[in-house]
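To start, the structure under review is shown below, and the notes come after it.
The values are calculated or read from the model by the stated rules, or taken from the named source; none is laboratory data. Worth saying up front: this structure is predicted, and the values here are computed from it rather than measured. Backbone-built Cβ (ideal geometry, glycine too); neighbour counts: all protein chains shown. Protein only, heavy atoms only, side chains kept; ligands, DNA and RNA dropped before computing areas. Shrake-Rupley method; radii C 1.70, N 1.55, O 1.52, S 1.80 Å.
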Amino acid sequence: MILSVVIPAYNEAGNITVIARQVSEQAEKIGPYEIIFVDDGSTDSTLEEIKAVAKNNTSVKYLSFSRNFGHQKAVKAGLDYAEGDCVISMDADLQHPPELLNELINKWKEGYDIVYTVRKDIRSVGFFKKTTSIIFYKLISKISDVNIPLGVADFRLLDKKVVDELRKFKENFLFIRGIVSWLGYKQTGIEYEIQDRYAGSTKYTLRKMISFAIQGITSFSIAPLRVSIIIGFIISIIAFFYTGYIIYVKLYMQSIIIPGWTSILISVLFLGGVQLISLGLIGEYLGKMFIETKNRPNYVINEKKL
Ligand code: UDP
Ligand code: MG
């Protein structure tokens, strides 16, 4: 059995040596292994650190992107190149404890094809991240046909056959958590306590988080498109009754007809807003189709050692 560990890293220079050491310590106890670092276009010395580690340890391999393509694509690239019978993906910042490798492998040996992890205690995650993540997972489970357990990250074990299926996904808008849930197979989860980041700061800026959430929802659900239909329907009903009222006023209460500009202004502004939202939603999906039809590669590799 060969174990592959995929570690995406974006400006993680301070973490590389430590994570490489801790993961190889754990992996050596398990059997033959490979660690695949995916340098996601880092601008610091991450790649140099990885190369230094790879020089001393032949089990350490790497891919280096030509620019920053994003976390999901880095994980995808690692999965594309992994040769193991099972592949574990984890973050480079040591928030995902390497001691759990053994536990993941044991579940796999019990016959599970996918072993995901759920963070037990999200105390160290921060109030904002915690709340937004709860809202996001509740929402996506409700409006799409994937069910992602709360607190799931890209720290999981996948059997080789699952990885083979994942490689067939050529879509540009990757939301690996959703795809893994969508794939099915025999899945189980283990709980773990999330650790504090070892070095550096989070690479998921608010912008990246929002974009991740929009990607997640719009790649797995067309419910947002229906929202505009529902709003349109409700507004039409209101407008229908309001029209009745206008006609009534016109016929029987002609004296109060002139001061109507308030209601006109309100309805024009309101409808304008609703229309813009709906257009934006349609644009979001249309833009996705535009990009997917171009069928571009998910990432570009500049350097690699495999
Ligand atoms: N990451 C990446 N590309 C990016 C952003 C992040 O490869 O554009 C990596 C990062 O190096 C880390 C993992 O994805 O290994 C998770 O990122 P981070 O720890 O910053 O996110 P958080 O734990 O704060 O959600
Ligand atoms: Mg982190």
How large is ³J(HN,Hα) for each residue in the range 168-183, as worked out from phi by the Karplus curve 6.51 cos²θ - 1.76 cosθ + 1.60 (θ = phi - 60°), to whole Hz, x for Gly and Pro? 6, 6, 9, 5, 6, 8, 8, 10, 4, 4, x, 5, 4, 5, 5, 5
Report ³J(HN,Hα) in whole Hz for each residue of the range 285-294, in order, from the Karplus equation J = 6.51 cos²θ - 1.76 cosθ + 1.60 where θ = phi - 60°; Gly and Pro get x. 6, 4, x, 4, 4, 4, 5, 5, 5, 6
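Can you tell me what share of the DSSP beta bridges in the chain is antiparallel? A percent to the nearest 5 is fine. Kindly include the intermediate steps, with their values, before the conclusion.
Numbers: 12 of 34 bridges.
Bridges in the chain that DSSP calls antiparallel: roughly 35 percent.
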Per the 1/(1 + (r/R0)^6) rule, R0 = 30 Å and r from the Cβ atoms of Thr131 and Phe290, FRET efficiency to 0.05 is 0.35
I'd like the distance separating the alpha-carbon centroids of the range 47-102 and the range 151-224, in whole Å. 16
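Considering only DSSP states other than H, G, I, E and B, which trypsin sites (Lys or Arg not before Pro) in the range 179-215 qualify as loop sites with at most 15 other Cβ atoms within 10 Å? Could you put the intermediate results ahead of the total?
On the way: sites: Lys186, Arg197, Lys203, Arg207, Lys208; in loops: Lys186, Arg197, Lys203.
Filter output for the range 179-215: Lys186.
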Largest-first ordering by accessible area, 1.4 Å probe, given options Arg167, Arg177: Arg167, Arg177
Ordered by residue, what ³J(HN,Hα) values in Hz, to whole numbers, does the range 204-210 give under the Karplus form 6.51 cos²θ - 1.76 cosθ + 1.60, where θ = phi - 60° and Gly and Pro are x? 8, 6, 4, 4, 5, 5, 5
Amide H neighbours of Ile190 at under 5 Å, excluding residues fewer than 5 places away on the same chain, with H built from the backbone geometry, are Tyr116, Thr117, Val118
Starting from the Cα of Glu83, move 7 Å in the Cα-to-Cβ direction to define the label point; list residues of the range 34-55 whose amide nitrogen is under 20 Å from there. 34-39, 51-55
Under a crude label model (7 Å from the Cα following the beta-carbon direction), how far is Ile235 from Met1 in nanometres? 5.8
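Heavy atoms only, 1.4 Å probe, whole protein assembly: order Met253, Met289 by accessible area, highest first.
Working: Met253 70, Met289 120 Å².
Result, largest first: Met289, Met253.
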What is the extension gain from Lys161 to Glu191, computed as 0.36 nm multiplied by their sequence separation minus the C-alpha to C-alpha distance, in nm to one decimal? 8.4 nm
Using bins 10 angstrom wide from zero, how does P(r) for the chain break down, in % of all Cα pairs? 5, 23, 29, 18, 9, 7, 5, 3, 1, 0
